[in-house]
1. Can you pull out the residues in the range 353-376 that are small (Gly, Ala, Ser), under 24 Å from residue 94 (Cβ atoms) and over 23 Å from the mean Cα position of the chain (by Cα)?
2. Looking only at the range 329-339, decide whether some residue is among the hydrophobic types (A, V, I, L, M, F, W, C), modelled with pLDDT of 95 or more and outside any loop (DSSP other than H, G, I, E, B).
3. May I ask you to verify whether residue 265 is at positive phi and without any contact (Cβ under 8 Å) to a residue 24 or more places away in the chain?
4. Answer with yes or no whether residue 225 is among the charged types (D, E, K, R), assigned to a loop (DSSP other than H, G, I, E, B) and at pLDDT below 95.
5. Just name the residue that is nearest to residue 17 (Cα to Cα) out of those in the range 371-406 that are of a type in the set (Asp, Glu) and buried (at least 16 other Cβ atoms within 10 Å of the Cβ).
6. Filter the range 93-115 down to the residues that are out of contact with any strand residue (DSSP E or B) (no Cβ under 8 Å at 6 or more places or on another chain) and open to solvent by 20 Å² or more (accessible area, probe 1.4 Å) and list them by number.
7. Using beta carbons and a limit of 6 Å, which pairs, at least six apart or on different chains, have the first residue in the range 97-111 and of a type in the set (Val, Ile, Thr) and the second one surrounded by fewer than 24 Cβ atoms within 10 Å (Cβ to Cβ)?
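The values are calculated or read from the model by the stated rules, or taken from the named source; none is laboratory data. Predicted model, so just to flag it, every value in this text is computed and none were measured. Positions of Cβ are generated from backbone atoms using ideal geometry, with glycine treated the same way; all protein chains shown enter the neighbour counts. To get the accessible areas, we keep the full protein, side chains included, count just its heavy atoms, and leave off ligands, DNA and RNA. Shrake-Rupley method; radii C 1.70, N 1.55, O 1.52, S 1.80 Å.
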Amino acid sequence: MPRAILCVLDSFGIGEAGDAEKFGDVGSDTLGHIADACAEGKGDKEGLRKGLLSLPNMDRLGLGAAARASTGKLVKGLDFSGTPEANWGYAQEVSNGKDTPSGHWEIAGVPVIFDWGYFPNTNPSFPAELIEKIIEVGELPGVLCLTHGSGTVVIEEFGDEHVKTGKPIVYTSADSVLQIAAHEETFGLERLLDLCVKCRTLVDEYNIGRVIARPFLGSTEAGFERTSNRRDYSVLPPAPTVLDRMEAAGRQVIGVGKISDIYAAQGVTKVLKGAGNDQLFDRTLEAMDMAKDGDLVFSNFVDFDMLFGHRRDVPGYAAALEHFDKRLPEMIEKMDDGDLLILTADHGCDPTWKGTDHTREHVPVIALVKGQPGSDLGRRSTFADMGETIAKYLSIPVGEHGTSFL
């Protein structure tokens, strides 16, 4: 029996979705706008990268063709003109949000048809009674920030005061999240994680999707830096995902990166963590060595979104894509004949777009079955087609949403 490898390039959208107007994202295009910027020299950065966006391996598999199908436009720098070697297409999200859980859950066969709760972009963003409860359950001297903010910015702004006072930094974003940043040594990593577990219960009444622990190290003099010990505490998916069905069938689901956190550890039988895309790629290769017949390796490459999309860093995003593309043959080489590799995304995060939020976009669906020719998958009406393709391909019971394309 073959294996499946599912890689989510976090935030790698390929053009505005059909309902982008509802989200204020008409015209967004993560891939296309990065490519345009690179063609104009706006993707150049000394010592990092220069010139046209170059993704020859993904282009050869069908990325350029998928982007053209999504937007009707050629992507500058993606000039492969032959027949794509993989199955290629794009998918429209049906979930109500453009956030990480919604995208990932739908990929795994469970669209989010309810509305998440959000904290308003006001100062403060949080209800007074919630802050009082956080201080009480955490036995805290107080909390800092309390508004929408970028993780690196709030740490830079409040890090010194946090270290001196012991007050954690509590903030949110346009996503359905409560985020808490604290110093691993002066506040304590385990104390931070315990606080986030308690806050997970507190925000349930507000229908908040995730509580995220954002530990960091450093000092004002040397600078603060977030560590790889981030943890996401998510609510449970509203129905069994393909991961649950895999586990019930006695298969391994090896989650790489934040996959286990996104699914509240449901259906993930083994977890491999990593700091940064390069280490996550290494861990994915390790997971492939561990995977037996019929198993699933499921990886999230978070840097695209966290480090470059939200920070509106075009050169950084372009360089990260090019580095992933250069390493992609390592993954393909490790596949056995018949193994299925799917490259996709969970939403967009156009680094040229207004604000710092995700963007409502189509996502690529690049599905390589090693040893078999590819085909045009067209437009998929839900991300769930990917999960159901994996279920059918690995002989797992199918779910209620999505249709296999293989």
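1. 375
2. Here is the first cut: in the range 329-339, the ones among the hydrophobic types (A, V, I, L, M, F, W, C) are 331-332, 335.
Filter once more, keeping what is modelled with pLDDT of 95 or more: 331-332, 335.
Keeping just the survivors that are outside any loop (DSSP other than H, G, I, E, B) gives 331-332.
Yes, there is a match, as at least one residue in the range 329-339 is among the hydrophobic types (A, V, I, L, M, F, W, C), modelled with pLDDT of 95 or more and outside any loop (DSSP other than H, G, I, E, B).
3. So residue 265 fits the description; yes.
4. Taking the combined requirement at face value, the residue does not satisfy it.
5. The qualifying residue nearest to residue 17 (Cα to Cα) is 385.
6. 94, 96, 113, 114, 115
7. Matching pairs, first to second residue: 110/237; 110/239.
Yes or no, residue by residue, for (1) assigned to a helix (DSSP H, G or I); (2) under 20 Å from residue 352 (Cα atoms):
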residue: 11; (1), (2): no, yes
residue: 21; (1), (2): yes, yes
residue: 35; (1), (2): yes, yes
residue: 43; (1), (2): no, yes
residue: 60; (1), (2): yes, no
residue: 67; (1), (2): yes, yes
residue: 75; (1), (2): no, yes
